[in-house]
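Trainee: Sharing a structure, written as structure tokens. Questions coming.
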């Protein structure tokens, strides 16, 4: 048990430290890389909890896809970050105030939080009748049985968001020459080439 | 003290021994894969290939390794030093840790975890970081362009790899790699393997792993005609060697995944007397070597794709096709009541 505890403290400490470095590091690329480290250690914490499916999904979705695109964008930005940091002291009081308000709100909410007595025991066996199943099956059966409409609604929202993003950023420019693959494939030598027999010393 | 030994020390030693037993043969396999590649390419081009160092060129990989080892490591002045050195290590480590879940034979696996397929998918999706970080940290134009190309390419082809894996999982009903191989066991021998019922997905998967490992004809991140050597331009000595080892270990890994998903892992093609005397790990090795041969064959045969063709193939051909095939497979399994329990 002591190894699991030590592992928890190790991963938790790295998560918190790298999360701090995300906002503290000067270089935005370093920030993204620390964010990835934080995701990774959170995944390790999920593994310690026995939620290996969530851990893998966290790595696949956040580290493997979201953070790659994030890194992609941040690397290509050409912003003078020292100039951006000049107003740091000027905005510190108001930023700190907002932070403190958020902290107090969170403390109020979490402090007044009580779990329903049956929820505590339900946590040990989230889905009735599939005890012993892997947590992939448990999540699947609870998600697609009890929450299927909410799941579909979430999917629809994402779809609408995706279409919205495409509509907003898509612009049709005139005069762009596009590749028409079918035309390229169906192009025959006879249409575009003329084979001539050239006698020596004569030319065409 | 006895408890400490039994509970912590002994399992740790056993696991370390198992890791060594996987990594050492893997590194030797990587070394000889380079020789295999050069020999096969040479034969396809009517040359002899390396034949000077050692008998039949067998010591060539060691000579190459020693040469790289004794070269000087050059770190460019403008480079981000820490990230520049971390990037090759990251590539190499990621190509090794994925082997933890690959089953070489029944029960011959380091970690037989429930989410094996997802673990492999997660690790292979991390592979892009080594290349992107290398390109950025070099602080140089060509590596950066190579890194950007690579990021876009790997993210695109991961999507279709994901759908192919989902199709296989639908037929198996488990994410455990050993279960996947066992579900391909049956009276029909090699016709029970998933490459028969899911043949189009097998082809898509193979082409996608070519793109995922940045191999020909999708080696745009290191297209020498346009980008010098892509993300590796500024690397020399062991840092370069680590990229090289990582790339080849990834090729073997992806062939291993393809073997497990579609070619029945360690199962013999026909379950009859002389064939099933051969240990499963040999069958696994033969299948991986056959897939690696196709990797090299493709390299020796096909010209490089243009970048827009690459993106079109990934997003406009493979993605819709594999998505439709997932729906068809699911529909077929439900309609004929063949959904695995």
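Trainee: For labels at residue A:143 and residue B:32 in the simple 7 Å Cα→Cβ model, what's the distance in nm?
Mentor: 4.3
Trainee: Next question, about the same structure. Which value in Å does the Kirkwood hydrodynamic radius of the range B:12-54 take, with 1/r averaged over all unlike C-alpha pairs and then inverted?
Mentor: For the range B:12-54, inverting the mean 1/r across all distinct Cα pairs yields 12.3 Å.
Trainee: Classify the range B:87-175 as rounded, prolate or oblate from the Cα gyration tensor: take a ≥ b ≥ c as the square roots of its eigenvalues, call it rounded if a/c is under 1.5, otherwise prolate when a/b beats b/c and oblate if not. Before the final figure, lay out the partial values.
Mentor: Values: a/c = 4.39, a/b = 1.80, b/c = 2.44.
Oblate shape, in that a/c is at least 1.5 and b/c is the bigger or equal ratio.
Trainee: If you build the convex hull over the alpha carbons only and average its shadow over all orientations, what do you get for the range B:262-341? Give it in nm² to one decimal. Each step should come with its number before you reach the end.
Mentor: Numbers: hull surface 34.7 nm².
Orientation-averaged projected area of the Cα hull: 8.7 nm².
Trainee: Can you check how the C-alpha radius of gyration of the protein assembly as shown compares to 2.2 N^0.38 Å, as a plain ratio?
Mentor: On the way: Rg = 26.7 Å, N = 545, 2.2 N^0.38 = 24.1 Å.
Taking N as the residue count of the protein assembly as shown, the ratio is 1.11.
Trainee: Enter the mean number of other protein chain beta carbons within 10 Å of the beta carbon of each residue in A:134-140, as an integer. Can you show the working numbers first?
Mentor: Details: counts 6, 2, 7, 4, 0, 0, 0.
Mean inter-chain Cβ contacts per residue within 10 Å come to 3.
Trainee: Follow-up question, since we're still on this one. How large is the helix-only mean residue ellipticity at 222 nm for the protein assembly as shown, computed as the sum of -39500 (n - 2.57) over DSSP H runs with n ≥ 4, divided by its residue count, in deg cm²/dmol to the nearest 500? Show your work: numbers first, answer last.
Mentor: Details: 24 runs with 354 residues, N = 545.
So the helix-based figure for the protein assembly as shown works out to -21000 deg cm²/dmol.
Trainee: How much length is gained if the chain between residue B:70 and residue B:10 is pulled fully straight, taking 0.36 nm per residue apart and subtracting their Cα-Cα distance, in nm to one decimal? Each step should come with its number before you reach the end.
Mentor: Details: separation 60, 0.36 × 60 = 21.60 nm, distance 3.76 nm.
Gain on extension, residue B:70 to residue B:10, equals 17.8 nm.
Trainee: Further question: Helix B:280-301 versus the longest principal axis of chain B: what is the Cα-based angle in degrees, 0 to 90, to the nearest 10?
Mentor: 50
Trainee: For A:26, A:197, B:287, B:39, what's the fewest-to-most ordering of other Cβ within 10 Å of each Cβ?
Mentor: Numbers: A:26 9, A:197 5, B:287 23, B:39 20.
In order of increasing Cβ crowding within 10 Å: A:197, A:26, B:39, B:287.
Trainee: If you count, for every residue in A:58-64, the Cβ atoms of partner chains within 10 Å of its Cβ, what is the mean?
Mentor: Shielding by partners across A:58-64 averages 5.
Trainee: Can you give me the three principal axis dimensions of the range B:203-329 from its C-alpha atoms, in Å, biggest first?
Mentor: Each principal axis gives a Cα extent; for the range B:203-329 these are 54, 43, 23 Å.
Trainee: Compute the whole-percent fraction of alpha carbon pairs in the range B:135-281 spaced more than 27 Å apart.
Mentor: Across the range B:135-281, Cα pairs with separations above 27 Å total 37 percent.
Trainee: Separate question: Test of understanding: ordering A:34, A:20 by Cβ neighbours within 10 Å, fewest first, what list do you get?
Mentor: Details: A:34 19, A:20 12.
The most exposed by this proxy come first: A:20, A:34.
Trainee: Give the separation of the Cα centroids, the range A:133-204 to the range B:249-270, in Å.
Mentor: What the calculation gives is 30 Å, centre to centre.
Trainee: Of the residues A:181, A:104, A:36, which exhibits the maximal mean-square fluctuation in a Gaussian network model of chain A defined by a 10 Å Cα contact cut-off?
Mentor: Comparing A:181, A:104, A:36 in a Gaussian network model of chain A, the most mobile one is A:181.
Trainee: With axes computed from alpha carbons, what is the tilt in degrees of helix A:2-24 against the longest principal axis of chain A, rounded to the nearest 10 within 0 to 90?
Mentor: Computed tilt is about 60 degrees.
Trainee: Got a sec? How would A:105, A:137 order by Cβ neighbour count within 10 Å, fewest to most? Could the numbers behind the result be given before it?
Mentor: On the way: A:105 10, A:137 17.
In order of increasing Cβ crowding within 10 Å: A:105, A:137.
Trainee: Another one. Obtain the nm distance between the two label points defined at residue A:16 and residue B:51 by a simple spin-label model: each point lies 7 Å from its Cα along the Cα-to-C-beta direction.
Mentor: Each label point is offset 7 Å from its Cα along the Cβ direction, giving 6.6 nm.
Trainee: When you take every Cα atom in the range B:1-77, what is the radius of gyration, and what is Dmax, the widest Cα pair distance, in Å?
Mentor: 20.1, 65
Trainee: Using a Förster distance of 45 Å, how high is the FRET efficiency between residue B:112 and residue B:236, based on the Cβ-Cβ distance and rounded to 0.05?
Mentor: Working: r = 40 Å, r/R0 = 0.90.
Given R0 = 45 Å and the Cβ-Cβ separation, E is 0.65.
Trainee: Report, please, the projected area of chain B averaged over directions, based on the convex hull of its C-alpha atoms, in nm². Walk me through the numbers before you get to the answer.
Mentor: Details: hull surface 85.1 nm².
Average of the hull's projected areas for chain B equals 21.3 nm².
Trainee: Enter the angle in degrees (range 0 to 90, nearest 10) between the Cα long axis of helix B:10-44 and the first principal axis of the Cα atoms of chain B, meaning the one along which they spread out most.
Mentor: Taking the Cα atoms of chain B, the angle to B:10-44 is about 70 degrees.
Bear in mind that the values in this text are calculations on the coordinates, not laboratory data. Keep in mind the model is a prediction, meaning the values are calculated, not measured. Note that we place each Cβ from the backbone using ideal geometry, even for glycine, and neighbour counts take in every protein chain shown.
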